[in-house]
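Down below is the structure, laid out as structure tokens.
The values are calculated or read from the model by the stated rules, or taken from the named source; none is laboratory data. The structure presented is a predicted model; accordingly, all values stated were derived computationally and were not measured. As a convention, Cβ positions derive from the backbone with ideal geometry for all residues, glycine included, and neighbour counts pool all protein chains shown. Accessible surface is based on the protein model in full, side chains and every heavy atom, while ligands, DNA and RNA are left aside. Shrake-Rupley method; radii C 1.70, N 1.55, O 1.52, S 1.80 Å.
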Amino acid sequence: MNKINIFLENLNPRERILYFVLIIFAGVFLALKLSETYLENDNNDEALQLLLQNSQSKSEQLNQKLLSLNAKYQNQSEELFNLKQGLLILKKSYNDYMNALQKKANENSLYFKDLDTQTTKMEQFQIHHLKINFQSSFIQLLSFLQDLNNDKHFFSIEKLNIQSKEEYLDITLKLNFIVLDPLIEL
């Protein structure tokens, strides 16, 4: 019995459903064969009709269960696919995020005076916290923030401090981004 349990636990859901259907068909076949032998011996039509109705109703119930299980399996497969697609956004490396950030800064003629990074390591991902100090005009800052918002890399702006000087704005920007562990397969 333990070997059967181990064998069934190692099957995926689709194979389990197929074994379940095979057992049902074998049971129905065996029931029909037994009823045929019983009727040949006793010539009892009522018993055959009752047995046939019971097997048909059980077969219909099992088919309904099979259809609902297949629908649940399909929904779960679609949901898993959508979740994997969502996680692909986070599958980029730390260098990809830093290169994208530098590219957006260069496109808007911004030069970072100071860049501090801190990393918080979790079980399957890392959260990177950036503190960036730079100087710019308001239009450059707005364009830079819009570019970050529209970028395919997901940056989360935690805090933005702006101090106005005579000719420029002195800005401190705190950003966060998440990088999945490269060993995780999606």
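Just to be sure, is PHE112 closer than 25 Å to LYS84 by Cβ, free of Cβ contacts under 8 Å to residues at least 60 places away in the same chain and aromatic (Phe, Trp, Tyr)?
On the way: closer than 25 Å to LYS84 by Cβ: no; free of Cβ contacts under 8 Å to residues at least 60 places away in the same chain: yes; aromatic (Phe, Trp, Tyr): yes.
When the stated conditions are applied, PHE112 does not pass them.
Examine the stretch 100-113 for a residue that is touching a Leu at 6+ places or on another chain (Cβ under 9 Å), surrounded by 12 or more Cβ atoms within 10 Å (Cβ to Cβ) and charged (D, E, K, R), and state whether such a residue exists.
Yes: the stretch 100-113 contains one or more residues that are touching a Leu at 6+ places or on another chain (Cβ under 9 Å), surrounded by 12 or more Cβ atoms within 10 Å (Cβ to Cβ) and charged (D, E, K, R).
Applying the selection to the stretch 115-134, what residues are free of Cβ contacts under 8 Å to residues at least 24 places away in the same chain and either at positive phi or among the β-branched types (Val, Ile, Thr) (or both)?
THR117, THR119, THR120
Among residues belonging to the stretch 14-32 that are touching a residue at least 24 places away in the same chain (Cβ under 8 Å) and touching a Leu at 6+ places or on another chain (Cβ under 8 Å), point out the one that is most open to solvent (accessible area, probe 1.4 Å).
Filtering the stretch 14-32 for residues touching a residue at least 24 places away in the same chain (Cβ under 8 Å) gives 14, 17, 20-21, 24, 28, 31.
Filter once more, keeping what is touching a Leu at 6+ places or on another chain (Cβ under 8 Å): 17, 20-21, 24, 31.
Working: ILE17: 29, PHE20: 94, VAL21: 31, ILE24: 34, ALA31: 29 Å².
So the residue we want is PHE20.
Looking at (1) under 30 Å from ASN82 (Cβ atoms); (2) in contact (Cβ under 8 Å) with a residue 24 or more places away in the chain; (3) open to solvent by less than 50 Å² (accessible area, probe 1.4 Å), find the lone condition where LEU173 falls short.
Exception for LEU173: condition (1).
Any residue that is outside any strand (DSSP E or B) and of a type in the set (Ser, Thr, Tyr) - is there at least one of those in the stretch 111-129?
Applying the first criterion (outside any strand (DSSP E or B)) to the stretch 111-129 yields 111, 122-124.
Next cut, of a type in the set (Ser, Thr, Tyr) only: 111.
Looking for residues that are outside any strand (DSSP E or B) and of a type in the set (Ser, Thr, Tyr), one finds at least one in the stretch 111-129, hence yes.
Pairs under 6 Å by beta carbon, first residue under 15 Å from VAL179 (Cβ atoms) and hydrophobic (A, V, I, L, M, F, W, C) in the stretch 144-159, partner at pLDDT below 80 and in a helix (DSSP H, G or I), six or more apart or different chains?
PHE154/ILE89
Is there any pair linking a residue in the stretch 63-77 that is closer than 13 Å to ARG14 by Cα to one that is at pLDDT 90 or above and open to solvent by less than 70 Å² (accessible area, probe 1.4 Å), with Cβ under 9 Å and at least six apart or on different chains, and which?
Filtered contacts from the stretch 63-77: LEU66/ILE24.
Residues of the stretch 85-101 being out of contact with any strand residue (DSSP E or B) (no Cβ under 8 Å at 6 or more places or on another chain) and modelled with pLDDT of 80 or more, which ones?
ASN95, ASP96, MET98, ASN99, ALA100
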